[in-house]
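Worksheet for the structure shown next.
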Amino acid sequence: MPSVILYDGICHFCNRTIQFIIKQDRDGYYSFASLQSEIGLKLMNEYKIPNIMETIILLDNNRIYSYSEASSSNK
């Protein structure tokens, strides 16, 4: 599975963070989905991620990184 960043689509900070990541991700390594979207909800259910909004979650190599783990990944 490609690396996916799940984010709160309502949170202004999360949206600005995603825009920053998109600008830095010139190779298109990451895919993105809001936590409120159909695919976001499906991934949260599939990976048994608690329904915590106002956050950013990284799914990378079938591992889940949240909170500071997600923002400090070495990609």
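The values are calculated or read from the model by the stated rules, or taken from the named source; none is laboratory data. Just so it is clear, the structure is predicted and the values come from calculations on it, not from any experiment. Ideal geometry is used to build each Cβ from the backbone, glycine not excepted, and the neighbour counts take in all protein chains shown.
Only one of S37, S31 is surrounded by fewer than 16 Cβ atoms within 10 Å (Cβ to Cβ) and touching a Pro at 6+ places or on another chain (Cβ under 6 Å). Can you tell me which? The unique qualifying residue is S31. Scanning the range 22-47 for residues that are aliphatic (A, V, I, L, M), more than 10 Å from the chain's Cα centre (by Cα) and under 16 Å from Y65 (Cα atoms) returns L43, M44. Screening N15 against (1) over 13 Å from the mean Cα position of the chain (by Cα); (2) of a type in the set (S, T, N, Q); (3) modelled with pLDDT under 95 leaves a single unmet condition, (1). Within the range 47-62, the residues that satisfy the criterion of being surrounded by 11 or more Cβ atoms within 10 Å (Cβ to Cβ) and free of Cβ contacts under 8 Å to residues at least 40 places away in the same chain are Y47, I52. Which residue is nearest to I18 (Cα to Cα), if the candidates are limited to the range 30-47 and must be part of a loop (DSSP other than H, G, I, E, B) and at pLDDT below 95? Result: L35. The set of residues from the range 12-39 being under 16 Å from T55 (Cβ atoms) and small (G, A, S) comprises A33, S34, S37.
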